[in-house]
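Asker: My questions will all concern the structure given below.
The values are calculated or read from the model by the stated rules, or taken from the named source; none is laboratory data. Please read these numbers as outputs of a predicted model, since none were measured by experiment. Backbone-built Cβ (ideal geometry, glycine too); neighbour counts: all protein chains shown. Heads up: the accessible areas ignore ligands, DNA and RNA and are worked out on the full protein's heavy atoms, side chains in. Shrake-Rupley method; radii C 1.70, N 1.55, O 1.52, S 1.80 Å.
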2 protein chains.
Amino acid sequence: MKIDRVLLAHGSGGLMSQQLVEEIFKKEWNNSYLEPMLDGALLDLPAGRVVMTTDSFVITPLFFPGGDIGKLSICGTVNDLVACGAKPLFLSTALIIEEGLPMSDLIQIAQSMARTAREAGVQLVTGDTKVVEKGSADGIFINTTGIGVIAEGIDYRPQRIQPGDLVVVSGTMGDHGLAIMARREGLSFSTPVNSDCAPLFRIGQVLEAFGGNVRCMRDPTRGGLATVLNELARQSGRGIKVVEEDIPVNPAVAGACDMLGMDPLYMANEGKMVIVLAPERAAEILAELQKIDIAAEAAIIGEVRAEPAGLVLIETELGAERILGILEGEHVPRIC
Amino acid sequence: MKIDRVLLAHGSGGLMSQQLVEEIFKKEWNNSYLEPMLDGALLDLPAGRVVMTTDSFVITPLFFPGGDIGKLSICGTVNDLVACGAKPLFLSTALIIEEGLPMSDLIQIAQSMARTAREAGVQLVTGDTKVVEKGSADGIFINTTGIGVIAEGIDYRPQRIQPGDLVVVSGTMGDHGLAIMARREGLSFSTPVNSDCAPLFRIGQVLEAFGGNVRCMRDPTRGGLATVLNELARQSGRGIKVVEEDIPVNPAVAGACDMLGMDPLYMANEGKMVIVLAPERAAEILAELQKIDIAAEAAIIGEVRAEPAGLVLIETELGAERILGILEGEHVPRIC
């Protein structure tokens, strides 16, 4: 493509829109679903219950340590499907581009989406591109909507959480949030912190074999671990008690958070799951999780109790117990 | 809700995000799918082939004669499903809101989405809300992604178009584009022009009964009738010949377009279909279409020929024949 920036005419629906689709998206995302160039994609769905989930990504900066908005836009929706207990299959992608975005950025983002989709085993089956005037958006916003299928015997609704269940996180907390903040503020650390942005379908695959022993799963993105635990407590009507020193936090993240007065338990993650397990096979499930690279540092961080219903308690490193509240106000805007 | 404008914290994923969802979206869009408040919705799909389509809406102004961005966001995706031959069933909705949007605007848009979804028989099953800083978006952008099911015997791929087929439009061309342009430019006409924005599922219902006699359908949105005809000609490898004086155009639109030097054949429609019919039952199908209010002015505007393959010809009102090209460059930005 000879034009080096995105123009309004690329969103016209006419000739230049077609060229953009042909020369970038069809080229990078090539698959048989996109081929017919219809207004929609005909899906080839296997047996199972169908799940739909949607997310828009407005992160700034577009490129950050450990990923970019393209990779993030695939991981975010794939991980929501995994959290529902579904095998991720199909994604739609809808781009809102600010006039003037360098074409090289768009190509890099499209390639990143293609690579991450391949890695996650999903196909980008249908899309839409809009272009708005300079100043009416900030670079590019991406929506992905995902379709997946839940296998027989899988039910990850929070209502299934029982007292005595164990709470697991699949790895360190806060990496994504801190990496973005550091990049925005121009902070650098002796140990660089990368976003944990990753597709987590392999966690879903491991857990599927354990059927009803997996009670519930949720990805702690915006609002972080603390907010997800509060959602689970509220939606299940149970209490959750976690132990601060059992929660894995990358030492560089812990140090930076200390310095900045931030709390890693409220920072977004884009490659982690919170998993509630029945106690019976929890040790075995944890060991299986730890065998996959994206969950090597999985750890039990607490347990479910009958009381205090709907609340989350945390035992601090000093041995005190306090309520761990939901995120109030804004923490780090445009983190995903 | 006591806060009268959308704040960044409404997009935090924390407490204020929950409040926004509970007090506006769950209230307005109330249905059993939204109830569990999970990251995704479990769909109850009937038998049939499943279609997925996505569109983002970035129209300005947000409120316009004949509709608003909320109504448009439902119609656009419903109509894409109808054009694929599908019965529209489920929509996801993802909002990107500019900080400072009046809460009353958001509520009005949410209500408009709910009303239009009810009218179209679709359910809003899952959603996402992001808020970006003032100046990083323009009011609100809405993505909707739709799922529908195609009945046995329905196949509207353009490859099915044959020489001798007739080309029908379901009503007047250019109303939406002109209404938006007039509103933006502060133009007023003696006869007010409204957007034709409407969900077209009833056109789908009427056509379904005629099976293979309906070859193909497409909604002429961005790029207008001329662009859609060119897509159909190119994708089918056929020629299309239309007669200018047979194309219905609202007289007020024709007059305003004359004055402004615009061509209604390139202007966006949001409540119209282009339908290609086998000649055998075309008159009967046209009569059935004209019985429904949204297609009362449906008309045959041309026919399919073997040659010139991939091109569209128009017989002008003066009797000359010329090539009707695809939209080049930008016509009216942010029309949908």
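Asker: Between the helical axis of A:175-185 and the dominant principal axis of chain A, each derived from Cα atoms, what acute angle in degrees is found, rounded to the nearest 10?
Answerer: 60
Asker: How large, in Å, is the protein assembly as shown by the Kirkwood hydrodynamic radius built from its alpha-carbon pairs?
Answerer: 25.8
Asker: For B:GLU208 and B:GLU280, FRET efficiency with R0 = 25 Å and r from the beta-carbon atoms, rounded to 0.05?
Answerer: E between B:GLU280 and B:GLU208, to the nearest 0.05, is 0.90.
Asker: Just to confirm a number: summing +1 for Lys and Arg and -1 for Asp and Glu over residues other than A:ASN213 whose beta-carbon lies under 13 angstrom from that of A:ASN213, what do you get?
Answerer: Once positives and negatives cancel, what remains is -3.
Asker: Now a separate question. Residues of segment A:89-139: accessible area per residue at 1.4 Å, in Å²?
Answerer: Result: 30 Å² of accessible area for each residue.
Asker: Each label point is 7 Å from the Cα along the Cα-to-Cβ direction; what then is the distance between the points at A:ALA320 and B:LYS27, in nm?
Answerer: A separation of 3.8 nm, rounded to one decimal place.
Asker: Also: Taking 0.36 nm per intervening residue step and subtracting the Cα-Cα distance, what contour gain separates A:GLU307 from A:LYS291 on full extension?
Answerer: Details: separation 16, 0.36 × 16 = 5.76 nm, distance 3.36 nm.
Fully extending the segment from A:GLU307 to A:LYS291 adds 2.4 nm.
Asker: Taking the Cα centre of chain A as origin, sum charge times position over the Cβ atoms of Lys and Arg (+1) and Asp and Glu (-1), and report the length of that vector in debye to the nearest 20.
Answerer: It works out to roughly 500 debye.
Asker: Given label points at 7 Å from Cα along Cα→Cβ, what nm distances, shortest first, separate A:ASP155 from the same residue in every other copy?
Answerer: Here the equivalent label points are 4.1 nm apart from this one.
Asker: Between chains A and B, what is the buried accessible area in Å², counting both sides, with a 1.4 Å probe and ligands, DNA and RNA left out, to the nearest 100?
Answerer: It comes to approximately 5600 Å² buried between A and B.
Asker: From the C-alpha gyration tensor of segment B:8-150, pull out the three semi-axes of the equivalent ellipsoid (sqrt of 5λ each), sorted largest to smallest, in whole Å.
Answerer: Details: eigenvalues 123, 63, 31 Å².
Square roots of five times the eigenvalues give 25, 18, 12 Å.
Asker: Helix-derived [θ] at 222 nm for chain A: sum -39500 (n - 2.57) over DSSP H runs of at least 4, divide by residue count, nearest 500? Walk me through the intermediate numbers first.
Answerer: Values: 8 runs with 90 residues, N = 336.
Here the helix-only value at 222 nm equals -8000 deg cm²/dmol.
Asker: Using the heavy atoms of the protein chains and a 1.4 angstrom probe, tell me the accessible area per residue for segment A:158-323 in square angstrom.
Answerer: 38
Asker: How much net charge surrounds B:GLY177 when only other residues with a Cβ under 15 Å from its Cβ are counted (Lys, Arg +1; Asp, Glu -1)? Don't skip to the answer; put the middle values down first.
Answerer: Values: positive: B:ARG183, B:ARG184, B:ARG222, B:LYS272, B:ARG334; negative: B:ASP175, B:GLU185, B:ASP196, B:ASP219, B:ASP258, B:ASP263, B:GLU270, B:GLU330.
For residues surrounding B:GLY177, the net value is -3.
Asker: From the P(r) of chain B, can you give the percent of Cα pairs sitting at distances over 35 Å?
Answerer: On the way: 13770 of 56280 pairs.
That fraction is 24 percent.
Asker: Using the crude model of +1 on Lys and Arg Cβ and -1 on Asp and Glu Cβ, and no other charge, please compute the dipole size for segment A:260-327 relative to its Cα centre, in debye to 20.
Answerer: Working: 5 positive and 12 negative charges, 24 e Å.
The dipole of segment A:260-327 has a size of about 120 debye.
Asker: Give the nm distances, rounded to one decimal, from A:GLY186 to the matching residue in every other copy, measuring between label points 7 Å along Cα toward the beta carbon; shortest first.
Answerer: 4.2
Asker: State which entries of A:LYS134/B:LYS27; A:LYS2/A:LYS130; B:LYS2/B:LYS71; A:LYS2/B:LYS71; A:LYS130/B:LYS71 exceed 27 angstrom in Cα-Cα distance in the structure shown.
Answerer: A:LYS134/B:LYS27; A:LYS2/B:LYS71
Asker: Sticking with this one: Which ³J(HN,Hα) values, rounded to whole Hz and listed in residue order, are derived for segment B:312-327 from phi using the Karplus coefficients 6.51, -1.76 and 1.60 in 6.51 cos²θ - 1.76 cosθ + 1.60 with θ = phi - 60°, glycine and proline given as x?
Answerer: Ordered by residue, 3J(HN,Hα) equals 10, 10, 10, 8, 6, 5, 8, x, 7, 10, 9, 6, 9, x, 6, 4 Hz.
Asker: Relative contact order of chain A: what whole-number percent is it, with Cα pairs under 8 angstrom and at least 6 residues apart?
Answerer: Computed over chain A, the figure is 23 percent.
Asker: Continuing with the same structure: In percent, how large is the relative contact order of segment A:158-323, given Cα pairs closer than 8 Å and 6 or more residues apart?
Answerer: The normalised contact order for segment A:158-323 reaches 44 percent.
Asker: Okay, moving on. So the label point sits 7 Å from Cα along the Cα-to-Cβ vector; using that for B:ASP246, what distances do you get to the other copies, in nanometres, sorted shortest first?
Answerer: Listed shortest first, these distances are 7.6 nm.
Asker: Could you look at the protein assembly as shown and say what percent of its accessible area is carbon and sulfur, using a 1.4 Å probe and all protein chains?
Answerer: 49
Asker: Got a sec? Charge dipole of chain A, +1 on Cβ for Lys and Arg, -1 for Asp and Glu; which of A:ILE3, A:PRO192, A:LEU62 is way out at the positive end?
Answerer: A:ILE3
Asker: Further question on the same structure: What shape does segment A:158-323 have by the C-alpha gyration tensor, where a ≥ b ≥ c are the square roots of the eigenvalues, rounded means a/c under 1.5, and otherwise prolate means a/b greater than b/c and oblate the rest? List each step's numbers first, then the result.
Answerer: Details: a/c = 2.02, a/b = 1.36, b/c = 1.49.
Oblate, since a/c reaches 1.5 and b/c is not below a/b.
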